[in-house]
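Some notes on the structure that comes next.
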Amino acid sequence: MSQRAQSHDEGVDDVVQSVNADGVDEVAVESNRRLYGGWQWWLFGALAIAYSLFHLVSLNIYPLETWSFRILHIAGALILGYGFYAGTQFAETPQARSSAWMRWLSYAMLLPALYALVRVAMMYQTMNDGAMRIAPEIEAWHFGYPLLLATVAGIVLSWSYRQVRDGLSPADAVLMVCSLAVAGYLLVMFNSQLRASTGTPFAPMGIPYAAIAGSLMILELTRRVAGLALVIISTIFLAYVFIGPHLPGFLGYPGLSVGRFFSQVYTDAGILGPTTAVSSTYIILFIIFAAFLQASKVGDYFVNFAFAAAGRARGGPAKVSIFASGLMGMINGTSAGNVVSTGSLTIPLMKKVGYPPRSAGAIEAAASTGGQIMPPIMGAGAFIMAEVTGIPYTEIAIAALIPAILYFASVYFMVDFEAARKGMRGMRKDEIPQFSKLVKQVYLFAPIIILIVALFMGYSVIRAGTLATASAAVVSWISPNKMGVRAILRALQLAGTMSIQIIAVCACAGLIVGVIALTGVGARFSSLLLGLAGVSQLLALIFAMCISILLGMGMPTTAAYAVAASVVAPGLIDIGIQPLVAHFFVFYFAVVSAITPPVALASYAAAGISGDNAMGTSVASFKIGLAAFIVPFMFFYSPAMLMEGSWLQILRVGVTATLGIVLLSATVQAWFFGPVKAWQRLVMLIGALCMIYGGIYTDIIGLMIGVGLYAMQRTRNGTTAATPR
């Protein structure tokens, strides 16, 4: 649990009595995050600002060649990442630092790294002088081997080299230089005629060396910022490249040599492909947008507004969590990160009004996860969907509307019925902000409104995002938190550091996508789904669901969807499912993997704040988010849920599915205008599924069940039925 989360938990009464949301916009400091001072603070702050400005300028004013832009995008993230995130625990005191011999060995590794970088400059000059290619022995002995030696040694040394928190490890300095060498070499080669030779026997020998070094550094940075789950999955996929030819059945393939594979994987077939395309454009832009919102304290306003709107309802803090986490999660881009930011405030308050720690953590995890499916921003996965499918982003945002309503309606009624069953109160009037005062600052919603309007007026996502970012700064000038030059620079610095994790994850996911594309395993998986569909399409969908969740476990949403979209979605399309439906199906299960036991990152983060058992919180959040495991199947049986059909069909499906969600919530919580018996819960489940299904006859059956149960409850409990006992 973060230090900020602990302080919120300990001083919750003070928070309630003063300002309900103060500091939600702060970024929690990870345990391996360096905290610089002095000239190092200025240096890395300037690098982060320059990195953000580089993207704003390249995307809006001076566009670069595509591959060059993406190479610099990844290189910048690697340099910042190794500068900010340590590979092991920090030394508590200067005396506890690693021994001198390890420090000097690390400094010694700077020599081959710098030599490789110098050689890149010399190669650039040689190519500029008219040479068609570089001699293979120079690429191998004077670039490749020194680079690999420095990279491997730097990674291994960083695992055990302990430095104080405000100091840069020399091993990480080695990796920063290696990142420059890799990027420099690839820029030289990919901006020459040799670019066309990738994947052939004529490819320059240095490309595989650079790709191996670059891949190792991407994997190591991913380990530091996102944990081992994605690294392990990536390693399994990489191992498949070389053991696949020896596997039986549909897993076998002809095989690729080391040189041929790595000469292609660091191209748009892999690391520089769709995932990096999205992270270098849409995602980085919306991270900058989110940073500007944070710098202007709009996140605090969102949470305060949610408190004022829903705080006095029964179980008030839980309902605040739904609204606030949905709003913050929409722009946050990571379920677990959103849990830490908003949950450090809402979870202690939920416990205060009577929610058990497990329920409090589960509600926050489910609400934060739902932010990833809330239009118009939808975290970051929707941008990848637009890139992969070619479907306009505005169509994806519109299609996501009904499923998002169903998800949050489910969480809301789960919370409401539990509060009614347990007799929980809302917050007192003096515990929440005054709505009349907050209404006067409603203009702080302007950046998001401008974003939505610009998108639907036909502006590109990049232009709309830039306008929204600029408007966040302008709006702040009439708010209590005015953004001057210093605040704008702070926002750019914050964006640079916030982007490290998602860029590393997208690059790592690109590595997996490259394996899938180059080995053809995705096509063989599609043939397997086709075989299952011949038996039962429902069986094929269940299998696709399991694979999507399995691939997403322990991974951030963006990477989870990117991988699942490469493996599962093509197979669903091959069995006759529309591309939009197939990708939404995969996207939803990639998102809810964050609350799916046994590896549920959002639930684990919530458990750390609530103080409850992680696995118990995971199971509870799974129950609260149950709708998200049912609704995607309805995409296939009722495309009107994704706005596919007439307005009458869409309206009917939206209304009846929402009523079905209410019945589903009542089934789980055993409360529907009063306590519910076991047989009634079974009948309600049948009615819920009938209405969520979306057919005319099933809707009628579901409505009859719902009305019958409602009448039964009112008759049995009389006028006090709605009052919790």
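Here is a yes/no grid of residues against (1) more than 24 Å from the chain's Cα centre (by Cα); (2) open to solvent by 60 Å² or more (accessible area, probe 1.4 Å); (3) under 19 Å from GLN578 (Cβ atoms):
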| residue | (1), (2), (3) |
| --- | --- |
| ALA507 | no, no, no |
| THR519 | yes, no, no |
| LEU532 | yes, no, yes |
| GLN537 | yes, yes, yes |
| CYS546 | no, yes, no |
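Within region 529-562, can you find the residues that are at pLDDT 85 or above, of a type in the set (A, V, I, L, M) and within 19 Å of SER234 (Cα to Cα)?
Once the filter is applied, which keeps residues that are at pLDDT 85 or above, of a type in the set (A, V, I, L, M) and within 19 Å of SER234 (Cα to Cα), region 529-562 yields ILE547, ILE549.
Cβ-Cβ distance below 6 Å, separation of 6 or more or different chains: which pairs start in region 563-584 with a residue that is in contact (Cβ under 8 Å) with a residue 24 or more places away in the chain and end on one that is polar (S, T, N, Q) and open to solvent by 20 Å² or more (accessible area, probe 1.4 Å)?
As it stands, the answer is PRO579/THR389; HIS583/THR389, since those pairs meet every condition given.
Return only the number of the condition from (1) surrounded by 24 or more Cβ atoms within 10 Å (Cβ to Cβ); (2) under 17 Å from the mean Cα position of the chain (by Cα) that GLY337 does not satisfy.
Every listed condition holds for GLY337 apart from (1).
Residues are listed down the side, and each one gets a yes or a no for (1) among the hydrophobic types (A, V, I, L, M, F, W, C); (2) crowded, with 24+ Cβ neighbours inside 10 Å; (3) over 22 Å from ARG312 (Cβ atoms); (4) modelled with pLDDT under 85:
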| residue | (1), (2), (3), (4) |
| --- | --- |
| SER368 | no, yes, yes, no |
| PHE383 | yes, yes, yes, yes |
| THR389 | no, no, yes, no |
| THR394 | no, no, yes, yes |
| LYS429 | no, no, no, yes |
| PRO433 | no, no, no, yes |
| TYR443 | no, no, yes, no |
| ILE462 | yes, no, yes, no |
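With (1) out of contact with any Leu (no Cβ under 7 Å at 6 or more places or on another chain); (2) crowded, with 24+ Cβ neighbours inside 10 Å; (3) of a type outside the set (A, V, I, L, M, F, W, C); (4) farther than 25 Å from GLY337 by Cβ as the list, and GLY576 as the residue in question, which single condition is left unmet?
In the conditions (1) out of contact with any Leu (no Cβ under 7 Å at 6 or more places or on another chain); (2) crowded, with 24+ Cβ neighbours inside 10 Å; (3) of a type outside the set (A, V, I, L, M, F, W, C); (4) farther than 25 Å from GLY337 by Cβ, GLY576 misses (2) alone.
Only one of these is more than 17 Å from ILE452 (Cβ to Cβ) and open to solvent by 30 Å² or more (accessible area, probe 1.4 Å): PHE417, PHE413, PHE408. Name it. So that I can check it myself, show each step before the final result.
Numbers: PHE417 fails: open to solvent by 30 Å² or more (accessible area, probe 1.4 Å); PHE408 fails: open to solvent by 30 Å² or more (accessible area, probe 1.4 Å).
After ruling out the rest, the residue left standing is PHE413.
Of all residues in region 310-351 being farther than 19 Å from THR557 by Cβ and outside any helix (DSSP H, G or I), which is modelled with the highest pLDDT?
ARG314
In the set THR342, THR346, which member is open to solvent by less than 10 Å² (accessible area, probe 1.4 Å) and closer than 22 Å to ALA446 by Cα?
On inspection, the qualifying residue turns out to be THR342.
Looking at region 640-693, which of its residues are outside any helix (DSSP H, G or I), touching a residue at least 40 places away in the same chain (Cβ under 8 Å) and open to solvent by 60 Å² or more (accessible area, probe 1.4 Å)? Working first, answer last.
Step one: filter region 640-693 for residues outside any helix (DSSP H, G or I), giving 643-646, 670-677.
This time we only want the ones that are touching a residue at least 40 places away in the same chain (Cβ under 8 Å), so: 643-644, 670-675.
Hits for region 640-693 are GLU644, PHE673.
Which residues, taken from region 282-299, are open to solvent by 10 Å² or more (accessible area, probe 1.4 Å) and over 15 Å from the mean Cα position of the chain (by Cα)?
PHE292, GLN294, ALA295, LYS297
Test TYR637 against the criterion of being more than 21 Å from LEU703 (Cα to Cα), open to solvent by 10 Å² or more (accessible area, probe 1.4 Å) and aromatic (Phe, Trp, Tyr), and give yes or no.
No: the conditions fail for TYR637.
Which fully enclosed helices (runs of 4 or more DSSP H) of region 364-450 have 2 or more residues being without any contact (Cβ under 8 Å) to a residue 24 or more places away in the chain?
By residue number, 435-439.
Select from region 92-109 the residues that are surrounded by 12 or more Cβ atoms within 10 Å (Cβ to Cβ), not basic (Lys, Arg) and not in a helix (DSSP H, G or I) and list them in ascending order.
SER98, MET109 - these are the residues of region 92-109 that are surrounded by 12 or more Cβ atoms within 10 Å (Cβ to Cβ), not basic (Lys, Arg) and not in a helix (DSSP H, G or I).
Test of understanding: among ALA569, ALA582, which residue is farther than 17 Å from MET634 by Cβ and either at pLDDT 80 or above or surrounded by 24 or more Cβ atoms within 10 Å (Cβ to Cβ) (or both)?
ALA569
Hey, can you tell me all the residues within region 276-309 that are at negative phi and either of a type in the set (Phe, Trp, Tyr) or outside any helix (DSSP H, G or I) (or both)?
Hits for region 276-309 are TYR282, PHE286, PHE289, PHE292, SER296, TYR301, PHE302, PHE305, PHE307.
Check region 519-528 and report whether any residue there is touching a Gly at 6+ places or on another chain (Cβ under 9 Å), under 29 Å from ILE71 (Cβ atoms), at pLDDT below 85 and of a type outside the set (A, V, I, L, M).
Taking every residue of region 519-528 in turn, at least one turns out to be touching a Gly at 6+ places or on another chain (Cβ under 9 Å), under 29 Å from ILE71 (Cβ atoms), at pLDDT below 85 and of a type outside the set (A, V, I, L, M).
Tell me whether region 119-126 contains one or more residues that are closer than 29 Å to GLY206 by Cα and either outside any helix (DSSP H, G or I) or in contact with a Ser or Thr (Cβ under 8 Å, 6 or more places away or on another chain) (or both).
Taking every residue of region 119-126 in turn, none turns out to be closer than 29 Å to GLY206 by Cα and either outside any helix (DSSP H, G or I) or in contact with a Ser or Thr (Cβ under 8 Å, 6 or more places away or on another chain) (or both).
For residues that are of a type in the set (A, V, I, L, M) and either under 16 Å from ILE271 (Cβ atoms) or touching an Asp or Glu at 6+ places or on another chain (Cβ under 9 Å) (or both), tally how many sit in region 66-106.
To start, the set of residues in region 66-106 that are of a type in the set (A, V, I, L, M) comprises 71-72, 74-75, 77-80, 86, 91, 96, 100, 102, 105.
Then keep just the ones that are either under 16 Å from ILE271 (Cβ atoms) or touching an Asp or Glu at 6+ places or on another chain (Cβ under 9 Å) (or both); that gives 71-72, 74-75, 77-78, 86.
Number of matching residues: 7.
The values are calculated or read from the model by the stated rules, or taken from the named source; none is laboratory data. Everything numeric here is computed off the predicted structure, so don't read it as measured data. Cβ sites come from the backbone with ideal geometry, for glycine too, and all protein chains shown count toward neighbours. Accessible surface areas use protein heavy atoms only, side chains included; no ligands, DNA or RNA. Shrake-Rupley method; radii C 1.70, N 1.55, O 1.52, S 1.80 Å.
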